[in-house]
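A short worksheet on the structure shown next.
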Amino acid sequence: MTPATLRRTATTGPTLILDVAAVTANVRAISAIRRQAGARGAGEVMAVVKADGYGHGLADVARAALAGGATRFGVTSVAEAYTLRDLGFTEPVLSWLNPVNADFTQATRAGVELAVPSHAHLRAVARQTPGAGVHLQLDTGMARDGTPPEQWESLCHTARCAERAGFVRVVGVMGHLACAAEPGHPANRRGRECFDWGVRVALGAGLRPRDRHLAATAATLSDPRTHHSLSRIGAGLVGIDESGRVRLRPALRLTAPLVTVRTVPAGTAVGYGHTWTSPRATRLGLVPVGYADGLPRCVAACAQVQVAGVRRRVVGRLSMDMTVIDLGPDPAACSARAGDVVTLFGPGDGGEPTAADWARWAGTLEHEIVTGLGPRLRRVVTTHTGPGPDERATR
Ligand SMILES: *Cc1c(COP(=O)(O)O)cnc(C)c1O
């Protein structure tokens, strides 16, 4: 056996299980919401698979999203777009975050469309990849990416000139909302109105963009007025709905085996810095995952895991590679033994913590938890959420 094969057959270590059926179901649910709201047209869901498919695995998330009805992909850099091509995906791809000196030369030939957030980008794209399909990107209220509104008319006119001369094809206009996770926030109305104005300006300049897109997951789920011709869905693919409006299915489960279980007397200090001392005699379990695997070290005071069907507290500091849990003194209340599977997080329907719980404990977003998971976790794919016989190792 090669080392890679040996690694893959070491099935007992810390494991990330991706439920591809959840991704497919989430895309279907989001498409249905767009349809019910009256959105029409092909290409209604762009699967945003940046950051390795939100840490879930680019190829598997991309494939599962297509199975659910997504028709194209969105990524940040052209490098991510070319990775999709290397993996054999032939669907349209939009790349929206590149420095002006990025290598765009392959983009048009590879069917990769490029967002244009400035005049300089328009020039760079037109020079390097004549005939490129571009999406003019308007800053609709984030002061982050996109052309500031005061330069928009000029960008639209310059783009129209470049289009007439055959240097670019303006196939889309895009914006992005800063506060869509808070549906009542006044910035959402301002962002919507800014986008509507931006589209009118583009049409007035003689552009005829096929795609008009403003909404990511939260806006799509909470406000049909943001739908336009297309939604860019990233978090929603993997079951994250920041708007809190729709129950999507989290697609990841993180498990690890209990390495040891030991009984300690009252007054036993645990881990680096002795930040926790057992108030009574208890059993401690050692779990072989830590902050190098992406678990936030700051959660130690409140984090929980599930083992033998019950929630158990994390005690002491998380280490780089390991975490200690308090199994309690009573084997009748928690029968966990060495070798048993500990669930760090999962979809939550079996009583286990969720990635959203870890995010809350850490004072961050679920996005940060799932995109921060470390590369040494074994990754497997399943079509249901529990570990089972159809598991397939991917790395
Ligand atoms: C990441 C990203 C998205 C996807 O957002 P989600 O809220 O994860 O669906 C959409 N548009 C842009 C510009 C992005 O950067």
Open item on the list: Just to check I understand the Karplus step: with θ = phi - 60° and J = 6.51 cos²θ - 1.76 cosθ + 1.60, what whole-Hz values come out for region 109-114, glycine and proline as x?
Closed with: 4, 8, x, 9, 8, 10
Open item on the list: Can you give me the % of accessible surface on region 20-238 that is carbon or sulfur? Probe 1.4 Å, all protein chains present, nothing else counted.
Closed with: 54 percent
TODO: Report ³J(HN,Hα) in whole Hz for each residue of region 45-55, in order, from the Karplus equation J = 6.51 cos²θ - 1.76 cosθ + 1.60 where θ = phi - 60°; Gly and Pro get x.
DONE: 10, 8, 7, 8, 10, 4, 6, 6, x, 6, x
Open item on the list: I'd like to know which of 350, 336, 255 lies farthest towards the positive end of the charge dipole of region 252-393, counting +1 on Cβ of Lys and Arg and -1 on Cβ of Asp and Glu.
Closed with: 336
Open item on the list: How high is the relative contact order of region 20-238? Use alpha-carbon pairs under 8 Å, at least six apart in sequence, and give a whole percent.
Closed with: 21 percent
Open item on the list: Which of rounded, prolate or oblate describes region 137-246 when judged by the alpha-carbon gyration tensor and an a/c cut-off of 1.5?
Closed with: prolate
Open item on the list: Out of the total accessible area of region 250-357 (probe 1.4 Å, heavy atoms of protein only), what percent is carbon and sulfur?
Closed with: 55 percent
Open item on the list: If I build a Gaussian network model for the chain, linking alpha-carbon pairs within less than 10 angstrom, which residue out of 369, 240, 17 has the largest mean-square fluctuation?
Closed with: 369
- [ ] Go ahead and estimate [θ] at 222 nm for the chain from helices alone: -39,500 (n - 2.57) per DSSP H run with n ≥ 4, summed, over the residue count, rounded to 500.
- [x] -8000 deg cm²/dmol
- [ ] Determine the per residue accessible area of the chain with all protein chains present and a 1.4 angstrom probe, expressed in square angstrom.
- [x] 43 Å²
TODO: Using R₀ = 30 Å, calculate the FRET efficiency as 1/(1 + (r/R₀)^6) where r is the Cβ-Cβ separation of residue 266 and residue 340; round to 0.05.
DONE: 0.75
Open item on the list: Which residue, 266, 310, 380, has the largest displacement toward the positive end of the dipole of region 252-393 when charges sit on each Cβ (Lys, Arg +1; Asp, Glu -1)?
Closed with: 266
Task: Placed amide H near residue 133: partners under 5 Å, 5+ positions off or other chain - done: 114, 169
- [ ] With only Lys, Arg, Asp and Glu charged, each at its Cβ (+1 for the first two, -1 for the last two), find how big the charge dipole of the chain is about the Cα centre; round to the nearest 20 debye.
- [x] 320 debye
Open item on the list: When only alpha-carbon atoms are used, what values of Rg and Dmax, in angstrom, describe region 252-393?
Closed with: 14.7, 45
- [ ] Please state the charge dipole magnitude for region 262-363, taken about the Cα centre, from unit charges on C-beta atoms (+1 on K and R, -1 on D and E), reported in debye and rounded to the nearest 20.
- [x] 320 debye
Task: Selected from 185, 172, 240, residue furthest toward positive end of dipole (region 147-280; charges at beta carbon) - done: 240
Task: Calculated FRET value between residue 120 and residue 37, using beta carbons and R₀ = 45 Å, to 0.05 - done: 0.75
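Give the relative contact order (percent, whole number) for region 158-251; include only Cα pairs under 8 Å separated by 6+ residues.
Numbers: 136 pairs, mean separation 23.6, N = 94.
Once normalised by length, the contact order is 25 percent.
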TODO: Quickly work out the residue 225-to-residue 196 label distance, labels modelled 7 Å from Cα along the C-beta direction, and quote it in nm with one decimal.
DONE: 0.6 nm
- [ ] Beta carbons within 10 angstrom, averaged per residue: use that to sort the peptides 324-332, 45-53, highest first.
- [x] 45-53, 324-332
- [ ] Work out how much length residue 247 to residue 360 would gain on full extension: take 0.36 nm times their residue separation and subtract the Cα-Cα distance, in nm to one decimal.
- [x] 38.9 nm
TODO: Using Cα centres only, tell me the gap between region 12-76 and region 111-163 in whole Å.
DONE: 27 Å
Task: Rg over Rh [alpha-carbon atoms, Kirkwood Rh] for the chain - done: 1.05
TODO: Could you work out how far helix 119-128 tilts from the main Cα principal axis of the chain, as a 0 to 90 degree angle to the nearest 10?
DONE: 90 degrees
Task: Order by protection proxy (mean Cβ within 10 Å, highest first), peptides 372-381, 247-256 - done: 247-256, 372-381
Task: Cα radius of gyration and Dmax for region 20-238 (Å) - done: 16.3, 46
- [ ] May I ask you to derive the FRET efficiency for residue 110 and residue 161 from their Cβ-Cβ distance with R0 = 25 Å, giving the value to the nearest 0.05?
- [x] 0.45
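The values are calculated or read from the model by the stated rules, or taken from the named source; none is laboratory data. Bear in mind the structure is a predicted one, so any value in this text is a computation, not a measurement. Because the Cβ atoms are built from the backbone with ideal geometry, glycine has one as well, and the counts that use them run over all protein chains shown. Just so you know, the surface numbers come from the protein's heavy atoms only, side chains and all, with ligands and any DNA or RNA stripped out. Shrake-Rupley method; radii C 1.70, N 1.55, O 1.52, S 1.80 Å.
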